[in-house]
């Protein structure tokens with residue numbers, strides 16, 4: 001119809017169009033048909049509060065941070081325990097004062113780790129940044145970051161051995177420490193003689209030389225006190241200082257551990273009889289001042305020269321130790337052999353033969369001469385030429401007669417009663433057939449009798 005066409009052509013309002021688009025809800029009852037639709041409630045004022053909105057944002061951020069941290073921890077742990085890039089063993093040095101960042105850079109530079117951040121982050125998370133120790137470490141092939149951290153925290157660094165032989169002076173010991181390239185620092189003062197214990201010490205690279213000396217001094221004090229407390233009750237020694245002094249003489253007189261108690265007994269017996277010790281090593285120490293061996297025979301003038309350490313002209317013990325004795329010499333001095341020996345002479349095997357009187361000693365000397373004859377001639381060690389005012393001492397060469405002016409004394413075949421050199425620390429020169437002057441009357445030692453001994457009586461040189 002025309003009216004209907006006009007109605008259909010009339011423009012529609014937006015409300016009418018919207019109502020046509022909405023779905024038609026069929027009411028379940030006539031009452032529902034007249035009830036208007038409910039709109040959603042507007043936001044509450046509390047929800048629109050700025051503080052609440054900020055709190056919601058913070059909470060959301062925390063949740064995101066937790067998830068991110070969890071992921072980082074998972075992947076970080078996987079990185080820490082993953083095998084490292086190192087394909088063979090390598091030594092790395094961690095210097096003192098290096099921080100965690102510097103350590104990580106050093107490890108990366110050496111090819112032990114491939115990333116710095118995971119290593120640093122792992123140390124921070126584990127709270128071990130202040131527990132990392134300096135040292136020299138041996139890293140195994142494909143060691144993980146966790147393994148490297150554990151080694152540095154526990155200080156499992158490489159241990160080097162520093163060996164100090166028995167019988168060295170304190171100055172010689174300090175020089176050995178200076179020659180050890182694994183040690184650092186210098187020594188400001190030479191320790192007192194006899195206060196260091198010769199031993200093999202394990203140290204890490206970078207240990208200072210003073211630290212080693214402190215360990216040696218502490219070990220010496222503890223050991224000496226322990227041995228002194230259990231010493232024989234009849235030793236002619238007043239205090240622990242005299243004990244160390246006598247042990248140092250025993251140390252220098254023989255290098256054989258099994259005969260040290262007998263050597264100690266010789267000197268103890270001489271002290272009990274108020275005989276002079278007459279030990280060559282004491283004179284050498286007085287001449288060299290602890291710098292080492294003399295390097296030549298002793299001269300007669302040196303044996304007669306006043307010297308606090310000259311036990312040929314001074315009674316009793318020298319004023320202090322002449323070396324740093326080891327455990328064996330300390331034990332031997334604390335418990336000398338129960339003998340009446342007063343002399344000893346070389347036996348041709350590196351040891352000595354001991355005797356109680358001069359007659360027996362002379363027989364031992366003759367036996368030593370026979371052994372010498374049977375030995376093949378070896379190239380002689382050159383004898384030091386003395387100055388015009390000095391003469392070499394007789395007992396430094398077997399059978400040597402009295403010296404001639406301005407030259408070393410000549411050697412001849414002596415009678416069987418005269419004694420050869422008995423100190424294990426001097427050189428026995430080959431015999432030469434030549435004319436010599438009348439032997440000089442020199443003092444005899446614990447090792448060497450006079451050239452014309454009195455029959456049946458030990459000699460005392462007061």
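The values are calculated or read from the model by the stated rules, or taken from the named source; none is laboratory data. Computed from a predicted model, the values in this text were never measured in an experiment. Glycine gets a Cβ as well: all are built from the backbone with ideal geometry, and neighbour counts include every protein chain shown.
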Would you check if residue 245 is closer than 26 Å to residue 355 by Cα, without any contact (Cβ under 8 Å) to a residue 60 or more places away in the chain and in a helix (DSSP H, G or I)? no
For the range 198-236, the count of residues that are over 23 Å from residue 158 (Cα atoms) and in contact (Cβ under 8 Å) with a residue 60 or more places away in the chain equals 9
Note on the range 140-175: residues farther than 15 Å from residue 80 by Cβ and either in contact with a strand residue (DSSP E or B) (Cβ under 8 Å, 6 or more places away or on another chain) or assigned to a strand (DSSP E or B) (or both) are 155, 156, 157, 158, 159, 160, 161, 162, 163, 164
So in the range 343-354, with the set limited to residues that are touching a residue at least 12 places away in the same chain (Cβ under 8 Å) and surrounded by fewer than 23 Cβ atoms within 10 Å (Cβ to Cβ), which one is farthest from residue 234 (Cα to Cα)? 348
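Can you tell me which residue is nearest to residue 343 (Cα to Cα) among those in the range 280-309 that are outside any helix (DSSP H, G or I) and within 32 Å of the chain's Cα centre (by Cα)? Explain how you work it out, then say what you get.
Start the filter on the range 280-309 by keeping residues that are outside any helix (DSSP H, G or I), which leaves 289-299, 305-309.
Now narrow it down to the ones that are within 32 Å of the chain's Cα centre (by Cα): 289-295, 309.
Numbers: 289: 27, 290: 26, 291: 28, 292: 26, 293: 23, 294: 24, 295: 25, 309: 20 Å.
Only one residue fits best here, namely 309.
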Collect the residues in the range 95-128 that are touching a helix residue (DSSP H, G or I) at 6+ places or on another chain (Cβ under 9 Å), modelled with pLDDT under 90 and loosely packed, with under 15 Cβ neighbours inside 10 Å, keeping them in residue-number order. 95, 115, 117, 124, 125, 126
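For the range 232-242, does any single residue satisfy the condition of being touching a helix residue (DSSP H, G or I) at 6+ places or on another chain (Cβ under 8 Å), on the phi < 0 side of the Ramachandran plot and part of a helix (DSSP H, G or I)?
We begin by selecting, within the range 232-242, every residue touching a helix residue (DSSP H, G or I) at 6+ places or on another chain (Cβ under 8 Å); these are 232, 235-237, 240.
From the residues that got through so far, the ones that are on the phi < 0 side of the Ramachandran plot too are 232, 235-237, 240.
Among the residues that remain, those that are also part of a helix (DSSP H, G or I) are: 240.
Scanning the range 232-242, I find at least one residue that is touching a helix residue (DSSP H, G or I) at 6+ places or on another chain (Cβ under 8 Å), on the phi < 0 side of the Ramachandran plot and part of a helix (DSSP H, G or I), so the answer is yes.
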Report the residue count in the range 120-139 for those that are in contact with a strand residue (DSSP E or B) (Cβ under 7 Å, 6 or more places away or on another chain), farther than 15 Å from residue 104 by Cβ and without any contact (Cβ under 8 Å) to a residue 60 or more places away in the chain. 1
Of all residues being out of contact with any helix residue (DSSP H, G or I) (no Cβ under 8 Å at 6 or more places or on another chain) and not in a loop (DSSP other than H, G, I, E, B) in the range 248-267, which is farthest from residue 358 (Cα to Cα)? Just the residue, please. 258
With the checklist (1) touching a helix residue (DSSP H, G or I) at 6+ places or on another chain (Cβ under 8 Å); (2) surrounded by fewer than 21 Cβ atoms within 10 Å (Cβ to Cβ); (3) closer than 22 Å to residue 350 by Cα; (4) in contact (Cβ under 8 Å) with a residue 40 or more places away in the chain in hand, flag the one item residue 320 doesn't pass. (3)
Which numbered condition residue 270 misses (of (1) out of contact with any helix residue (DSSP H, G or I) (no Cβ under 8 Å at 6 or more places or on another chain); (2) part of a loop (DSSP other than H, G, I, E, B)): (2)
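Tally up the residues in the range 323-382 that are assigned to a loop (DSSP other than H, G, I, E, B) and either in contact with a helix residue (DSSP H, G or I) (Cβ under 7 Å, 6 or more places away or on another chain) or at pLDDT below 85 (or both), please.
Applying the first criterion (assigned to a loop (DSSP other than H, G, I, E, B)) to the range 323-382 yields 323-326, 335-342, 347-351, 356-357, 375-382.
From what is left, the residues that are either in contact with a helix residue (DSSP H, G or I) (Cβ under 7 Å, 6 or more places away or on another chain) or at pLDDT below 85 (or both) are 323-326, 335-337, 339-342, 347-351, 375-382.
Residues flagged as assigned to a loop (DSSP other than H, G, I, E, B) and either in contact with a helix residue (DSSP H, G or I) (Cβ under 7 Å, 6 or more places away or on another chain) or at pLDDT below 85 (or both) within the range 323-382 amount to 24.
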